[in-house]
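The values are calculated or read from the model by the stated rules, or taken from the named source; none is laboratory data. Everything numeric in this text was worked out from a predicted model, so none of it was measured. Reconstructed Cβ throughout: ideal geometry from the backbone, glycine too, with neighbour counts over all protein chains shown. Side chains are part of the model used for accessible areas, which takes the heavy atoms of the whole protein and leaves out ligands, DNA and RNA. Shrake-Rupley method; radii C 1.70, N 1.55, O 1.52, S 1.80 Å.
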Amino acid sequence: MRIALAGLATSHPYTDARTLRNVAELVVWEPDPQRLARFRAEQPDAVVVPDLDALLAAGPDGVVLTVPTSDVPAALGRILDRKLPCFVNKPAAATREQFDRLEQVVSRSPELVLTSSVLRFAPEFVGFDVPRDQVLAVRATVRHDVGLWATGYNPWQDDPTVGGGTLVMMGLHGVELLVALLGPAVRLVGAAGAVRHHHGLRSEDTGVLALRWDNGVLGTVEVLGVSEGESYEVTVHTVAGERRVVLRGGADELGFRSTVDAFLAMVHGAPSPVPWAQTRAVLDVLTSARALA
C-alpha cells in the first residue's frame, strides 16, 4: 500500500506518518524545506517528490492532505479527480468563501472525504454515550496553548482570513465533539474572542461559541488558548445530573491512531465514517463564528 502525504503544514501529518509507516510506503510533498527536512529525519524511507502533480503521479492508494486552509479546495479537487480517498487534516475551511468552495468540491465524492478532529475517534469519547432525550445542555472546553503563534510560528494558522485563528483552529475540537454527540441539526447563536495573554496574535487566545440544536438543546464551546497543558472536556447536563469525559494524553489517547485506522478503512473501500452532513454542520458553525467574532 502506498499513502501520499500532501503537505506538512501542521504537526499532525508527522504524527500520522508514525502510524502509517508500519503499514504503507510513504510518499511526501512539502514546499517548505525546513518542514521537509524534519520529516525526512523522522521518516528516512519516505519517497520525496517535488510537487502535487508528482505526488499524484506516484500512484497512491490514499492521500493525507495537510496544506494551509485556503489551499484545501483546489488540492482536494485534484485528489478527487483521481477518485482517491482523502483525509484532510483540520480545519478544511475557516471562512465562508473557503467553505463554499470546499462544498462544491466535496459534492463530487463525499464518501471519499474524511475531515475531522481526531478527538471524535478518541477511545474515551467513542465510549461516551448519553441518551439525547435526557440532555438539557452541553459544554465543551478546549485547552490548547497558542503562544507559539505569537512568536510568528506558522502565521497562516493565526490569520483569521486563512487558517481561522484560535477560534477555528482550536474551537473545531469542541464543536466536533458536540456535533458527534448530538447530531448536525445545530446553528451558531453567538461568538466572541479576545486576547487576554498572548499579545501579538492576529486572532485571539480566548473564545466562546454559543450553539442551539433544533430540539432546543443549548451548547457552549469554551476555547482557552492560554494553558499549561492540553486537554479537551465535554460536560453533558441531563435530567439525572452531569456526565463528563476528559480527553488528554498522547497520540493514542487523543485519537490519532484511531483516525488513521478509519482512513485506512476508506483506502480499503469503506465510505467516510463521518457523514458530510456532520462535517458540514461543524464547518458551518466555525465559519459563522469566525465571521461574527
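Counting only alpha carbon atoms, the long axis of helix 96-106 and the longest principal axis of the chain meet at about 60°.
Using a probe radius of 1.4 angstrom, the carbon and sulfur fraction of the accessible surface of region 1-75 is 49%. Packing, taken as the mean count of other beta carbons within 10 Å per residue, orders the peptides 91-99, 23-31 from highest to lowest as 91-99, 23-31. Where does the chain land at 222 nm, in deg cm²/dmol rounded to the nearest 500, when only DSSP H runs of n ≥ 4 count, each adding -39500 (n - 2.57), divided by all residues? -10000 deg cm²/dmol, from helical runs alone.
A 1.4 Å probe run over region 161-293, with the rest of the protein chains in place, finds 41 Å² accessible per residue. In whole angstrom, how far apart do the alpha carbon centroids of region 160-188 and region 84-147 sit? When both Cα centres are located, 7 Å separates them.
Here the spin labels are modelled as points 7 Å beyond Cα on the Cα-Cβ line, and at Glu253 and Arg82 they lie 3.8 nm apart.
By accessible area, using a 1.4 Å probe on protein heavy atoms only, region 91-155 has 51% of its surface on carbon and sulfur.
Considering only Cα atoms, the convex hull volume of region 166-293 works out to 137 Å³ per residue. D for region 1-156, whole µm²/s, Stokes-Einstein with Kirkwood Rh over alpha-carbon pairs at 25 °C and 0.890 mPa s: what number? Approximately 143 µm²/s, per Stokes-Einstein.
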